[in-house]
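Input: a single structure, listed below in structure tokens.
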Amino acid sequence: MSDLSRLHDRDFAEWARRNAELPRAGDLGALDVEHLLEELDDMGKSEGRELEDSCTILLAHLLDWQYQTPAALRALARLRRPQLAEQDHRAARPTRQATPQDPEPGSPLTAPVVVHSIETYSVVGSS
């Protein structure tokens with residue numbers, strides 16, 4: 001195992017920086033190919049999960065807009081603003097893996113809708 005390969009587990013940011021420098025210097029043979037392929041594979045899976053999660057959240061928000069009163073929607077928007085600002089701040093910083101921020105238990109931001117599939121859903125608390 002090369003020094004660069006061992007660095008992957010100890011200091012990911014430094015490992016990534018060094019791997020980025022190698023092709024610029026024309027030293028393709030020193031790349032940590034095994035870990036690079038692993039990271040690319042993980043990145044693709046992560047993007048797919050992120051897209052699915054975003055679609056679920058979008059659907060929940062659309063259902064909220066359909067079934068919530070205007071006053072409740074305004075309250076949700078006021079509560080959500082700080083979280084959106086934090087997400088924007090976090091998105092501006094490159095990280096190895098995104099860490100989802102779950103709403104606090106009992107928060108009005110927890111979806112009042114259970115999505116069974118794209119065609120069926122049920123509003124929590126309704127019959």
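Is there a residue being loosely packed, with under 14 Cβ neighbours inside 10 Å and at pLDDT 85 or above anywhere in the stretch 62-85? For the stretch 62-85, residues loosely packed, with under 14 Cβ neighbours inside 10 Å and at pLDDT 85 or above: present.
For residues in the stretch 15-58 being under 20 Å from the mean Cα position of the chain (by Cα) and of a type in the set (Asp, Glu), which is farthest from Leu76 (Cα to Cα)? Selected residue: Glu38.
Selection over the stretch 1-29 of residues that are basic (Lys, Arg) and surrounded by 15 or more Cβ atoms within 10 Å (Cβ to Cβ) gives a count of 1.
Going through the stretch 16-41 one residue at a time, which ones are in a helix (DSSP H, G or I), under 15 Å from Met1 (Cβ atoms) and hydrophobic (A, V, I, L, M, F, W, C)? Scanning the stretch 16-41 gives Ala30, Val33, Leu36. Looking only at the stretch 32-42, residues that are farther than 19 Å from Glu21 by Cβ and surrounded by 12 or more Cβ atoms within 10 Å (Cβ to Cβ) come to 2 in all.
The values are calculated or read from the model by the stated rules, or taken from the named source; none is laboratory data. Since the model is a prediction, treat every value here as computed from it, not as a measurement. Because the Cβ atoms are built from the backbone with ideal geometry, glycine has one as well, and the counts that use them run over all protein chains shown.
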